[in-house]
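Please read the structure below before turning to the comments.
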Amino acid sequence: MSVALDTRVMKAGSAAIDAAARCLAAGRLVAFPTETVYGLGADATNGAAVARLYAAKGRPAFNPLIAHVADVAAARRLGEFDRAADRLAALWPGPLTLVLRKASMCPVADLATAGLDTIALRVPSHGTARAILAGFGKPVVAPSANRSGHVSPSTAEHVAADLFGAIDLIVDGGPAPVGLESTIVACLDARPVLLRPGAISRAAIEQALGEALLDQGESPSLADGEAPQAPGQLASHYAPRTRLRLKADAVRPGEVLLAFGPVLPAGAERAALVLNLSPRGDLVEAAANLFSHLRALDAAGAGTIAVMPVPTAGLGEAINDRLTRAAAPRRED
Ligand code: TXA
Ligand code: MG
């Protein structure tokens, strides 16, 4: 599935910035420096580009990504700013990420936010990052530009060691000045919550805020009793209201169907709704459709969503991870 790409490496400058903006517009993957670490960027509004990004990183699960924008005005179009978020936005541009409720007209692909109704936003201060974002003119999702499980890269050489041949362009802007990821703060309830300690200290954030930050376990909407898998991961998976029945080889009465591939199972013709992740059986296409299809099937109000088996190769592992989580029994049950 991963065809080796001809990765270009360009020194930061106007030619590299133009090339980066063109690559992003074409749905390709670009590693670029930020003040914290190098990010691996994709057009946040292009689900297929986001799916390729997860594939290049080799992520076993679809963790929600940070949408990077050129300025605060662009961030305001993507998330709902409460009073705390308004105060913290004064620290932008800079190494701070805010998790907010997604704005109703937010154009960011469902896959980029892992199907959540929240979104992580950041306005980086690095000159090259800002120039690429301004040149491209749309939000760019950018996880750290390392393969999953490796440490975050602070130089273009680190990026190349992990991702050469898997991405299209590396913009080399020298060492990232901070070398540590952004601090992540969620502004979702009355009190803001520190999700990931990072490049801006808790004290600096509390000063801008004028109040103390809560820790994750103290937050009403983020502490869901599950152990976090990684910083910023508590409760951050999408859960449809409708039950899922996985590996379905037939559709039962009253079920809607999440299909995969060209051959539908017995009973599909009487399902009230059939949505196919990828009629041609392509896992990148399936990943791009996963959360939007789940939402649409959930909204159909059926008793159960039957889910056809999805292969576990490549992005299939992450797709199956998300389906298994979505099928897990609800706590209210
Ligand atoms: O400094 C940084 O933040 C770098 C540079 C490239 O900007 N990016 C970075 O991205 O560290 P990444 O994907 O490696 O880490 C993003 C973190 C993950 O732990 C993810 O779970 C969390 O942000 N996150 C993203 N959206 C979230 C959401 N809606 N709710 C909770 N956590 C979220
Ligand atoms: Mg990372």
Are any residues in the stretch 40-54 within 19 Å of Thr324 (Cβ to Cβ) and either over 10 Å from the mean Cα position of the chain (by Cα) or within 13 Å of ligand 2 (Cβ to nearest atom) (or both), and if so, which ones? Tyr54
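Quick grid of which residues meet (1) away from ligand 2 (no atom under 16 Å from the Cβ); (2) modelled with pLDDT of 95 or more:
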| site | (1), (2) |
| --- | --- |
| Leu195 | no, no |
| Pro220 | yes, no |
| Pro240 | yes, no |
| Leu246 | yes, yes |
| Val263 | yes, yes |
| Ala266 | yes, yes |
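Could you please find all residues in the stretch 81-115 being acidic (Asp, Glu) and closer than 25 Å to Ala326 by Cα?
Step one: filter the stretch 81-115 for residues acidic (Asp, Glu), giving 82, 86, 110.
Scanning the stretch 81-115 gives a single hit, Asp110.
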So Arg101, is it basic (Lys, Arg), touching a strand residue (DSSP E or B) at 6+ places or on another chain (Cβ under 6 Å), in the same structural domain as Ser14 (by TED's automatic domain parsing) and within 16 Å of ligand 2 (Cβ to nearest atom): no
Residues that are over 15 Å from Ala56 (Cα atoms) and among the small types (Gly, Ala, Ser), drawn from the stretch 1-36: Ala12, Gly13, Ser14, Ala15, Ala16, Ala19, Ala20, Ala21, Ala25, Ala26
Condition first: farther than 24 Å from Ala56 by Cα, in the same structural domain as Ala204 (by TED's automatic domain parsing) and either touching a helix residue (DSSP H, G or I) at 6+ places or on another chain (Cβ under 8 Å) or in contact (Cβ under 8 Å) with a residue 60 or more places away in the chain (or both). Can you find one or more residues in the stretch 156-178 that meet it? yes
Taking the stretch 127-141 only, how many residues are assigned to a loop (DSSP other than H, G, I, E, B) and surrounded by fewer than 24 Cβ atoms within 10 Å (Cβ to Cβ)? 2
Of (1) more than 13 Å from the chain's Cα centre (by Cα); (2) of a type in the set (A, V, I, L, M); (3) modelled with pLDDT of 95 or more; (4) surrounded by fewer than 21 Cβ atoms within 10 Å (Cβ to Cβ), Val3 satisfies all except one. Which? (3)
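Can you say whether Thr36 is closer than 26 Å to Glu157 by Cβ and not assigned by TED's automatic domain parsing to the domain that holds Ala318, as far as the supplied structure shows?
Details: closer than 26 Å to Glu157 by Cβ: yes; not assigned by TED's automatic domain parsing to the domain that holds Ala318: yes.
So Thr36 fits the description; yes.
Criterion first (of a type in the set (Gly, Ala, Ser), surrounded by 20 or more Cβ atoms within 10 Å (Cβ to Cβ) and touching a residue at least 60 places away in the same chain (Cβ under 8 Å)) does Ala90 satisfy it?
Details: of a type in the set (Gly, Ala, Ser): yes; surrounded by 20 or more Cβ atoms within 10 Å (Cβ to Cβ): no; touching a residue at least 60 places away in the same chain (Cβ under 8 Å): yes.
So Ala90 does not fit the description; no.
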For the stretch 272-287, check the following and say yes or no: at least one residue is buried (at least 23 other Cβ atoms within 10 Å of the Cβ) and either among the charged types (D, E, K, R) or assigned to a loop (DSSP other than H, G, I, E, B) (or both). yes
Starting from the stretch 121-150, keep only residues that are in contact (Cβ under 8 Å) with a residue 60 or more places away in the chain, then list their pairs with residues that are among the hydroxyl-bearing types (Ser, Thr, Tyr) and within 15 Å of ligand 2 (Cβ to nearest atom) whose Cβ atoms are within a distance under 6 Å, requiring at least 6 positions of separation or different chains. Arg122/Thr97; Arg122/Ser182; Pro124/Thr34; His126/Thr34; Ala129/Thr34; Ser144/Ser152; Ala145/Tyr38; Asn146/Ser152
Mind checking whether some residue in the stretch 6-15 is farther than 18 Å from Glu285 by Cα and in a helix (DSSP H, G or I)? yes
Residue by residue through the stretch 142-158, note down the ones that are farther than 20 Å from Ile200 by Cβ, touching a Ser or Thr at 6+ places or on another chain (Cβ under 9 Å) and not in a loop (DSSP other than H, G, I, E, B). His158
Looking only at the stretch 137-165, count every residue that is away from ligand 1 (no atom under 14 Å from the Cβ) and farther than 19 Å from Leu65 by Cα and tell me the total. 5
Of the residues in the stretch 179-210, how many are of a type in the set (A, V, I, L, M, F, W, C) and near ligand 1 (Cβ under 10 Å from one of its atoms)? 7
Regarding the stretch 109-125, can at least one residue be identified that is within 10 Å of ligand 1 (Cβ to nearest atom) and more than 23 Å from Leu53 (Cβ to Cβ)? no
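The values are calculated or read from the model by the stated rules, or taken from the named source; none is laboratory data. Keep in mind that this is a model prediction, so the values were computed, not measured. No Cβ is skipped: glycine too gets one built from the backbone with ideal geometry, and neighbour counts run over all protein chains shown.
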